[in-house]
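Down below is the structure, laid out as structure tokens.
Each value in this text was obtained by applying a stated rule to the coordinates, not by laboratory testing. Note that this is a predicted model, so its numbers are computed, not measured. Quick reminder, even Gly has a Cβ in these numbers, built from the backbone with ideal geometry, and neighbours come from all protein chains shown.
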Amino acid sequence: MKFDEVNTFDTASENIAGISSAKNNVNEKLAPVVRVLIHDNLTAAFDEMIAIIDHSRLNAFRAVNHIFIDMYWEIGKYISNKVNRIGWVN
């Protein structure tokens, strides 16, 4: 090997090491950005799931409220019938 060939080999090795180092620097700089993007995506996903739960909860409250109204109506009808038929009035 000649001197120039050794120098070229060493320079190529340094370039490869430099590229690897630069790649690591980019990865280190991008990692927080990627974490934020993942966090934002997860936050958005959880927000959507919470919205689904809240919507279902509201529908459940409405259904239960409807059932209670029906129950109170039936109780009122029962009392009204008793008052009219049997005379539950003092």
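A Förster distance of 35 Å, applied to the separation of the beta-carbon atoms of ILE75 and ILE53, puts the FRET efficiency at 0.60.
Could you work out the local net charge near VAL64, counting Lys and Arg as +1, Asp and Glu as -1, over the other residues with Cβ closer than 15 Å to its Cβ? Net of charged neighbours comes to +1. Within the shell of other residues whose beta carbon sits under 12 angstrom from the beta carbon of ASP47, the net charge comes to -3, with Lys and Arg scored +1 and Asp and Glu -1. Spacing of the modelled spin labels on ALA45 and VAL64, each 7 Å from Cα toward Cβ, amounts to 3.0 nm.
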